[in-house]
Structure formats: structure tokens, C-alpha cells
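*Asks:* First the structure, then my questions, so here it is.
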Amino acid sequence: MSSQSSSSVPAPIVALATWVVPGSGYWLIGQRARALTVGITILSLFVLGLVIGGTKVVDLPPGVLSSPVNAVSQKPWFVGQILAGPITLLTASVGRSEDYFPSHSRVNEIGTLYTAVAGMLNLLAIIDAAYRAGHDGGAR
Amino acid sequence: MKHFFYLLGSGEYHYELFKKPLPIWNYWYLLLLPLCLAISIVYKAIRCESMRRVPREAIGLFVFIIVVMVAAAGALAALVNILD
């Protein structure tokens with residue numbers, strides 16, 4: 001199922017592409033089946049987290065640009081969520097609207113867990129796709 | 001699950017996709033299943049050399065995670081009962 005083509009795409013580009021769109025780094029190095037499997041699964045997990053807990057489970061910590069360490073220490077789960085890509089920032093900006101209701105208790109925790117795990121799985125994909133691009137040109 | 005669908009269908013809780021949380025507070029433990037399935041699929045898609053092996057190995061890992069989680073939950077419940 002996986003394509004056996006070689007690739008000359010630099011590893012940093014593959015890593016960046018995988019962060020922007022989960023799974024796209026594998027696509028760049030010619031492993032389309034792996035790209036679709038990883039990408040669809042990670043995005044589905046992230047969206048399922050939003051369905052369960054509402055959009056407000058992704059909450060950008062205040063002052064993340066001015067004092068990032070302090071901001072992230074208040075909401076450390078955001079580190080996991082941001083690894084899922086720009087979709088996290090988009091979700092955070094959409095969720096700021098008053099039309100969106102915050103969830104509480106277990107539902108909020110589970111929604112946060114889903115989105116953060118999606119991001120951490122994407123980190124695995126980023127590392128693996130970049131490694132494959134750098135070592136064997138995606139020939140595996 | 002009857003309660004869940006009743007809440008969604010009745011006027012007691014107006015669920016709005018992405019805007020309000022899903023009324024699953026009585027069945028939250030079932031949400032372990034899709035999470036474990038997604039972890040299994042992505043992990044095995046990354047680890048396996050051939051994508052043909054991914055479905056079988058992902059199902060095996062999924063079952064293993066669920067069995068271990070249930071065993072851990074049972075052991076912890078037994079420990080709590082003994083300590084009480």
C-alpha cells in the first residue's frame with residue numbers, strides 16, 4: 001500500500017508540512033497510504049475532542065507571546081494541543097466568541113485529552129516523517 | 001445509552017455541535033474506546049514497515065490496551081475496597 005518512491009524533500013520541510021497538515025509530510029516523501037492513515041486519524045481525534053467538549057476545550061493561554069513560560073505553565077495541555085497544527089490556533093480564535101459555551105468536569109477533561117493526544121500523536125508523525133525523509137528518502 | 005439519546009432528542013438539553021459539550025456524563029468511560037483505537041492506528045502506522053500489516057497490528061494493540069486498562073481499573077477498585 002505504501003509508495004516506494006524516493007524523495008528529495010528536505011527533512012525540515014517534511015516536519016513543517018506534517019505540523020501544518022497532519023500526515024502531509026508522508027505524502028511529500030511518497031508514502032500516501034501512511035499519510036492518509038495518520039492524517040485522517042489525527043484530525044478525526046482532534047475534531048472528536050471538539051465535538052465532546054466543545055470548541056472551548058482549546059483555550060489559548062493569555063500572554064503566550066509576552067511571557068510564554070508563565071502562560072504555558074498555567075495551561076500545560078496547550079503544548080500538546082498546539083502540536084496538532086494551526087487548526088489549534090483557528091479553534092482557539094473561533095472559541096473566543098460568546099456563542100460557545102465552556103464545558104466542565106469530565107467532559108472538559110476528555111475533550112482536552114482528545115485534542116492534546118491528537119497533538120502528541122502528530123509529534124510522533126513529525127519526528128518519523130522527518131527521519132524517513134532524512135535517512136532513506138521515504139523509500140520504506 | 002437510552003438516557004443519552006433521550007437528552008439529545010428531548011428539549012431538556014439543546015446540544016449544538018462544537019458550541020456545547022456532548023451530554024455523555026453518564027457514559028464517559030466509553031470514550032476510552034475511540035481514543036485507544038486512534039492511538040493504536042497512528043502508532044502502528046508509524047512503526048510498521050508495510051502498511052498492509054497496520055490493520056491487524058492496530059487491532060491487536062487496541063485489544064491489548066483495553067484489556068490492560070480494564071485489569072488496572074479492576075485492581076485499583078479491589079485495592080480501594082480493601083483499604084475501605
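Laboratory data are not the source of any read-out in this text; all were calculated from the coordinates shown. The shown structure was predicted, so the numbers you read here are calculated from the model rather than taken from an experiment. Neighbour counts are summed over all protein chains in view; Cβ atoms, including those assigned to glycine, are modelled from backbone coordinates with ideal geometry.
*Asks:* Listed highest first by mean packing, meaning other Cβ atoms within 10 Å per residue, what order do A:58-64, A:72-78 come in?
*Replies:* A:58-64, A:72-78
*Asks:* How far is helix B:54-83 tilted, in degrees, relative to the longest principal axis of the Cα atoms in chain B, given as a value from 0 to 90 rounded to the nearest 10?
*Replies:* That works out to roughly 60 degrees.
*Asks:* Which angle between 0 and 90 degrees, to the nearest 10, do you get for helix A:32-53 versus the longest principal axis of chain A when only C-alpha atoms count?
*Replies:* The answer is roughly 0 degrees.
*Asks:* Just checking the output field for B:30-43: average partner chain Cβ neighbours within 10 Å of each residue's Cβ?
*Replies:* So the per-residue partner count for this stretch is 5.
*Asks:* So what are the ³J(HN,Hα) numbers for the range A:123-128, from phi and the Karplus equation (6.51, -1.76, 1.60; θ = phi - 60°), rounded to whole Hz, Gly and Pro as x?
*Replies:* 4, 4, 5, 4, 4, 5
*Asks:* Moving on to the next point. What is the average number of partner chain Cβ atoms found within 10 Å of a Cβ in B:13-24?
*Replies:* Partner Cβ neighbours, averaged per residue: 6.
*Asks:* Hand me the tally of lysine pairs in the protein assembly as shown: alpha carbons under 24 angstrom apart, and the pair either on different chains or 8 or more positions apart.
*Replies:* 7
*Asks:* Sticking with this one: Evaluate peptide A:28-34: per residue, the Cβ atoms of other protein chains within 10 Å of its Cβ; return the mean as an integer.
*Replies:* If you average over the peptide's residues, the count of other-chain Cβ atoms is 2.
*Asks:* In degrees between 0 and 90, to the nearest 10, how far off the longest principal axis of chain A does helix A:11-20 point, with axes built from Cα atoms?
*Replies:* The angle comes out near 40 degrees.
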